[in-house]
Amino acid sequence: MKVWIAGAGYGRGAVVDVSEARIPVSDHGITVGDGVFETVLSRSGRPFALTRHLRRLARSAEGLGMAAPDLDLIAEGVAQAVAANPELSDARVRITVTDGAGPLGSDRSPGEQTMIVAMGSFPGVPPQTDVALAPWPRNEFGALAGLKTTSYADNVRALAHAKARGASEALFRNVSGNLCEGTGSNVFVVLDGRLVTPPLSAGPLAGITRELVLEWYGAAEEDVPMERLPEVSEMFLTSTGRDVQAVLHVDGKRVSDGPGPITLEAMKVFAERSAADIDP
C-alpha cells in the first residue's frame with residue numbers, strides 16, 4: 001500500500017510505501033488531536049465529490065483555528081495516491097491534515113502542516129442495519145460542534161458501545177435533548193409522513209451525503225426531540241461509506257420491517273444521481 005505525505009520532512013509531497021511512512025512523534029495531530037480529516041470514496045480511480053470534501057476540510061480547519069490547508073496540493077496528493085494503488089478499485093481515501101510538529105501540550109508553534117492521503121479497501125455495506133443510542137450527548141454548543149476533527153475518541157467509545165449491543169452505529173442526542181447524528185453518519189427520520197433530518201444548529205456534522213440527499217431528494221431540517229423516536233415510521237443513515245442505509249431497529253426496538261417507501265425512493269435517487277457522470 002502506498003500513501004502520500006507532505007510536510008513532516010516530505011516537502012511538497014511524496015508517495016511512499018506505508019511501511020516507510022514517518023511523521024514526528026511531536027506532531028500535534030498525535031499528541032492532542034489537533035487536526036482535521038475527510039474520507040472520500042473512490043470508485044475505479046475516480047474520487048466522488050472531492051471538491052465538496054475539500055471545501056469542508058477547509059471549513060473544519062478554519063473552525064479549529066488552523067491555517068488554511070493548500071487544497072490544490074491535497075487534490076494533487078489524492079490523485080497521486082489513487083494512481084499509486086491501482087489494485088484498489090473501490091477505495092477509502094483518507095485525507096488528514098494536522099497542525100504539524102508542536103509542543104507536548106495544547107499550545108501551537110508556527111510551522112508547516114502535515115498532510116497525509118492514505119487508502120484502504122472500501123467493502124460494501126448491507127442496505128439495512130440496526131443502531132443503538134449512545135448514553136453520552138453531543139454538545140451542540142461546543143467549540144468542535146460540526147467540525148470533522150481528528151479528536152474522535154467520543155466516536156470510538158460510542159461505536160464500541162453500539163457494537164457490544166449488536167448494532168453497527170450509535171446515535172447521539174444533543175444536550176438540548178434532540179436527535180443529533182451518528183458517530184460517522186447523519187440520520188433522517190420519517191415523522192408524520194414527512195422526511196426530517198436534524199438541522200446543523202443541533203450539532204451534527206454537515207455530511208456530504210446528507211447534503212446531496214437534501215439537494216437531490218429533499219427533506220425538512222428540523223429538531224427531532226428524542227421522546228418522539230417511538231413515533232418514527234422510517235429511519236435511515238447517510239455517510240460516504242453507507243450512502244443511504246435503512247435502520248430497522250433502535251436499541252432493539254423495531255422501526256420497520258424493511259426499508260420503507262420514502263427510504264427506498266431516497267436510496268434510488270441517490271444511487272442514480274451518484275452513478276451519473278457528474279461533478280457533484
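The values are calculated or read from the model by the stated rules, or taken from the named source; none is laboratory data. What you see is a predicted model; the values in this text were computed from it and never measured. Glycine gets a Cβ as well: all are built from the backbone with ideal geometry, and neighbour counts include every protein chain shown. Just so you know, the surface numbers come from the protein's heavy atoms only, side chains and all, with ligands and any DNA or RNA stripped out. Shrake-Rupley method; radii C 1.70, N 1.55, O 1.52, S 1.80 Å.
In segment 256-266, the count of residues that are free of Cβ contacts under 8 Å to residues at least 24 places away in the same chain and surrounded by 17 or more Cβ atoms within 10 Å (Cβ to Cβ) is one or more. None of Val196, Val190, Val250 is within 21 Å of Gly146 (Cα to Cα), in contact (Cβ under 8 Å) with a residue 12 or more places away in the chain and not small (Gly, Ala, Ser) except Val196.
Set side by side, the residues Arg94, Arg55 differ, and just one is closer than 23 Å to Ala145 by Cα, touching a residue at least 24 places away in the same chain (Cβ under 8 Å) and open to solvent by 30 Å² or more (accessible area, probe 1.4 Å), which is Arg94. Counting only strands (runs of 3 or more DSSP E) that sit wholly inside segment 194-280, those with at least 3 residues that are in contact with a Ser or Thr (Cβ under 8 Å, 6 or more places away or on another chain) are 234-239, 243-250. Candidates Val125, Val117, Val156: the one that is of a type in the set (Val, Ile, Thr), outside any loop (DSSP other than H, G, I, E, B) and in contact (Cβ under 8 Å) with a residue 60 or more places away in the chain is Val117. Restricting attention to segment 68-91 and to residues that are open to solvent by 10 Å² or more (accessible area, probe 1.4 Å) and among the polar types (S, T, N, Q), the residue that is nearest to Tyr10 (Cα to Cα) turns out to be Gln80.
Check segment 101-112 and report whether any residue there is over 13 Å from Lys148 (Cβ atoms), open to solvent by less than 30 Å² (accessible area, probe 1.4 Å) and not β-branched (Val, Ile, Thr). Yes, segment 101-112 has at least one match. In segment 150-174, of all residues being farther than 23 Å from Gly124 by Cα and touching a strand residue (DSSP E or B) at 6+ places or on another chain (Cβ under 7 Å), the one that is surrounded by the fewest Cβ atoms within 10 Å (Cβ to Cβ) corresponds to Thr150. Just checking, does segment 237-253 include any residue being touching a Pro at 6+ places or on another chain (Cβ under 9 Å), open to solvent by 20 Å² or more (accessible area, probe 1.4 Å) and of a type in the set (S, T, N, Q)? No, every residue in segment 237-253 fails to be touching a Pro at 6+ places or on another chain (Cβ under 9 Å), open to solvent by 20 Å² or more (accessible area, probe 1.4 Å) and of a type in the set (S, T, N, Q). Residue pairs whose Cβ atoms lie under 7 Å apart, sitting 6 or more positions apart in sequence or on different chains, and linking a residue in segment 207-221 that is touching a residue at least 24 places away in the same chain (Cβ under 8 Å) to a partner that is of a type in the set (Gly, Ala, Ser) and open to solvent by 10 Å² or more (accessible area, probe 1.4 Å), are Gly207/Ser239; Thr209/Ser239; Val213/Ala219. All of Val40, Val3, Val36, Val15 fail the test of being more than 25 Å from Ser239 (Cα to Cα), modelled with pLDDT of 95 or more and not in a loop (DSSP other than H, G, I, E, B), apart from Val15.
Of Ser201, Ser121, Ser106, all but one fail to be at pLDDT 95 or above and over 22 Å from Ala266 (Cβ atoms); the exception is Ser201.
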